[in-house]
1. If you go through the range 121-135, how many residues are more than 16 Å from Arg100 (Cα to Cα) and either open to solvent by less than 10 Å² (accessible area, probe 1.4 Å) or not in a loop (DSSP other than H, G, I, E, B) (or both)?
2. Of all the residues that make up the range 20-38, how many are within 27 Å of Glu179 (Cα to Cα) and more than 11 Å from the ligand (Cβ to nearest atom)?
3. Show the residue pairs that are 6+ apart or on different chains and have beta-carbon atoms under 6 Å apart, the first residue being within the range 152-174 and closer than 23 Å to Asp248 by Cα, the second being open to solvent by 10 Å² or more (accessible area, probe 1.4 Å) and among the aromatic types (Phe, Trp, Tyr).
4. Restricting to the range 210-244, count the residues that are more than 23 Å from the chain's Cα centre (by Cα) and either of a type in the set (S, T, N, Q) or in the same structural domain as Tyr26 (by TED's automatic domain parsing) (or both).
5. Confirm whether Arg318 is farther than 25 Å from Ala15 by Cβ and surrounded by fewer than 18 Cβ atoms within 10 Å (Cβ to Cβ).
6. Only residues that are within 14 Å of the ligand (Cβ to nearest atom), in a loop (DSSP other than H, G, I, E, B), in contact with a strand residue (DSSP E or B) (Cβ under 7 Å, 6 or more places away or on another chain) and open to solvent by 40 Å² or more (accessible area, probe 1.4 Å): list them for the range 51-88, please.
7. Would you please name the residue that is least open to solvent (accessible area, probe 1.4 Å), looking only at residues in the range 94-106 that are more than 15 Å from Gly155 (Cβ to Cβ) and in a loop (DSSP other than H, G, I, E, B)?
Amino acid sequence: MGLVWQKQPTQFVGALWPRSHRASNYKSGVGYIDTYLDLIKGEKLPISFMMSTPASSLITKDGAVVGVKASGPDGKDYTLYASKGVILATGGFSANVKMRNQYDEIWDNKLDNQVKTTNMPAITGDGINMAVKAGAGLKDMGYIQLLPTTDPATGATNHKIVESTNIYVNKQGNRFVNEQGRRDVLAKAALAQPDHVFYVIGTEQTLLKDKEGRGPYGILISDLLKQKKAFKANTLDELAKKLGMNPDNLKRTVAKWNEFCKTQKGDEFGRMSCEEGNKLPGGPYYASVMTPSVHHTMGGVTIDEDTRVLDKKGRPIRGLYAAGEITGGIHGTNRVGCNAVPDALIFGTIAGREVGK
Ligand SMILES: Cc1cc2nc3c(=O)[nH]c(=O)nc-3n(C[C@H](O)[C@H](O)[C@H](O)COP(=O)(O)OP(=O)(O)OC[C@H]3O[C@@H](n4cnc5c(N)ncnc54)[C@H](O)[C@@H]3O)c2cc1C
């Protein structure tokens, strides 16, 4: 359809082995949007968009959902009727602090304002709350995922410059976890470190840099260095100084790591392997600063295999469908990286087919 995939899979943070293909002609999820917009334009599909027009409630009649109420950027209210059904696709609730703490069963109700999110501010669970008012049942609401490797200042992920399977070092200069572990394991380990902060360490040879000097999400690495989201140093002593950590600890940590990379045996945190891109043979060294942020909510409205929203007794609510992160029960307690977009695309396709019947 337009996205071109890299042949070689990469090991995204929290994956236990390389299982994800990056797009080679796009640097972010914008590629999906562009591809679908091109398709809609190319095939002249009769689809229209109402931007900045949040839906506020569902309209019901005789127990069936028949439309939505929304308000536009001009302050105008809209009442939209849907003769065949309404599909909710408003995402999860990572940006809704109240809901995070209301439902959380994993993070001891500590997901307050101090904990950032990787999501846009609009991802506040609106669709879930509208569906509940229409009688929907919920599933797995307590399972909230933190992404371990995000920018402490913003929660964004776009300052990445080396693979997330490189070593993680805390403010004392020590490793603290098997970096190839699950997301929930990594996030819990990171939250136990001083200031909840750690650094991913790489070298010039393994820097994820394109010809223009941009990182994997399109930002100039020179800008990340200026903003102190990333750090560069010729020696480990210099790097430790820049990061404010004990140089002897850092040197000992890297020496131990390099020894493991040689023997591939006996890692103190149970790593199975050190890959070529994880080795730290010598400077210049790079580090990017990381902390966990709220990333994905695995809970949401209950649906059946036809994406019909179910009520608390498991009966379909007539006229109401849902797909994507708004739904619960698809991913268990810990979504595997790169399974969310397929979730949204596959169940979105099913929902479209069902409503179009
Ligand atoms: C930084 C980041 C990186 C990610 N990387 C990956 C990855 O590599 N692979 C992967 O599989 N997953 C990834 N994910 C997860 C994945 O992107 C999401 O789970 C997925 O986009 C959810 O799709 P969705 O269509 O259900 O909801 P969203 O993509 O969240 O879209 C919901 C839409 O609904 C709109 N909306 C919200 N409330 C209302 C309302 N009241 N009225 C009208 N509209 C409303 C929002 O503005 C938004 O446009 C990533 C997520 C983030 C944040």
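The values are calculated or read from the model by the stated rules, or taken from the named source; none is laboratory data. This is a predicted model, so every value here is computed, not measured. Cβ: placed from backbone, ideal geometry, glycine included. Neighbour counts: every protein chain shown. With ligands, DNA and RNA removed, areas are computed over all heavy atoms of the protein, side chains included. Shrake-Rupley method; radii C 1.70, N 1.55, O 1.52, S 1.80 Å.
1. 4
2. Number of matching residues: 3.
3. Val169/Tyr199; Asn170/Phe176
4. Final tally of qualifying residues: 3.
5. Yes, satisfied.
6. Across the range 51-88, the qualifying residue is only Pro54.
7. As a first pass, look at the range 94-106 and keep what is more than 15 Å from Gly155 (Cβ to Cβ): 98-99, 101-106.
Those left that are additionally in a loop (DSSP other than H, G, I, E, B): 104-106.
Numbers: Asp104: 13, Glu105: 131, Ile106: 41 Å².
That would be Asp104.
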